[in-house]
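The values are calculated or read from the model by the stated rules, or taken from the named source; none is laboratory data. None of these values were measured; they are calculated from a predicted model. As a convention, Cβ positions derive from the backbone with ideal geometry for all residues, glycine included, and neighbour counts pool all protein chains shown. We work out accessible area using only protein heavy atoms, side chains counted, and drop any ligands, DNA or RNA first. Shrake-Rupley method; radii C 1.70, N 1.55, O 1.52, S 1.80 Å.
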Amino acid sequence: MRVEFINPFIASLLNVLSTMAQVELTPGKPRLKKDDKAKGDITGIMGMMSTQAKGSFSLTFDESLALAIMNNMLGEKPAKIDAEVIDMVGEITNMVTGGAKRILADKGFDFDMSTPIVVSGKDHTITHKSEGPKLLLPLTSVFGNASIEICFDS
C-alpha cells in the first residue's frame, strides 16, 4: 500500500470530528489487519477508484462514541444506534473520504467515490473492495474508540 494514501484519511477524520463534533481522537499504532471483523459497533465504508489505484476506506465507531458524536453534532441523544445515527455515520464517512480525496487530488491522484454503505451490529464484518493489504489504525477518545481501515490495490 502506498503510504501517501494513508495520512490524508487520518488528517481528514481528525479535522471532521474536531470541527463538526468537538471530539478529539488520539491515533494509536497502525497495523495490518488479517480478518474482516469490525473493531466496533457501526461502520461506514466507501469505495474509491482512479486510474492509479482502487480501494476502500472504512470508519468504525463504538456505540458510545457514535452516540456522543450525534449529541455533539445535532443535539440529539438516542439511547442506541438508530436510523439517524446510521445516517450520521454515512455522512461522516462521506465527509472524511471527501476531505481525503481533496488532499490526494493535490498530490496528483484523482479518485471517484462510491456512495457510503453503513453496517451496524455486534461482531459485524467489513468487506473491502480491494485485494490489497488492510491497514487498521485504532483511535481513542474520552467517549469511546474508533478505527479506520484503508485497503488499496496499487
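Quick one: compute the contact order of region 44-154, relative version, from alpha carbon pairs under 8 angstrom and 6+ residues apart, as a percent.
Details: 186 pairs, mean separation 46.5, N = 111.
Relative contact order for region 44-154 comes out at 42 percent.
Cβ under 14 Å from His124's Cβ, His124 left aside: what net charge do those residues give with Lys, Arg +1 and Asp, Glu -1? Please report the intermediate quantities before stating the final value.
Working: positive: Lys37, Lys39, Lys122; negative: Asp35, Asp36, Asp41, Asp62, Glu63, Asp123, Glu149.
Once positives and negatives cancel, what remains is -4.
Can you list residues whose amide H is under 5 Å from Gly28's amide H, if they're 5+ apart or on another chain and H is modeled 1.01 Å from N?
Leu139, Thr140
Quick check: Cα centre of region 130-144 to Cα centre of region 34-69, how many Å?
8
Using only C-alpha atoms and all pairs of different ones, pull out the Kirkwood radius for the chain in Å with one decimal.
Working: mean 1/r = 0.0655 Å⁻¹.
When all Cα pairs of the chain are included, the Kirkwood radius is 15.3 Å.
Just add up the charged neighbours of Gly55: K/R +1, D/E -1, any other residue whose Cβ is under 9 Å from the Cβ of Gly55.
+1
Provide the per residue accessible area, probe 1.4 Å, for the chain, rounded to a whole number of square angstrom. Walk me through the intermediate numbers first.
Details: 7470 Å² over 154 residues.
Per-residue value: 48 Å².
Can you compute the modelled spin-label distance between Asp153 and Arg102, with each label point 7 Å from Cα toward Cβ, in nm?
3.0
What's the Kirkwood radius of region 2-91 in Å, using all Cα pairs?
Working: mean 1/r = 0.0688 Å⁻¹.
Final number for the Kirkwood radius of region 2-91 is 14.5 Å.
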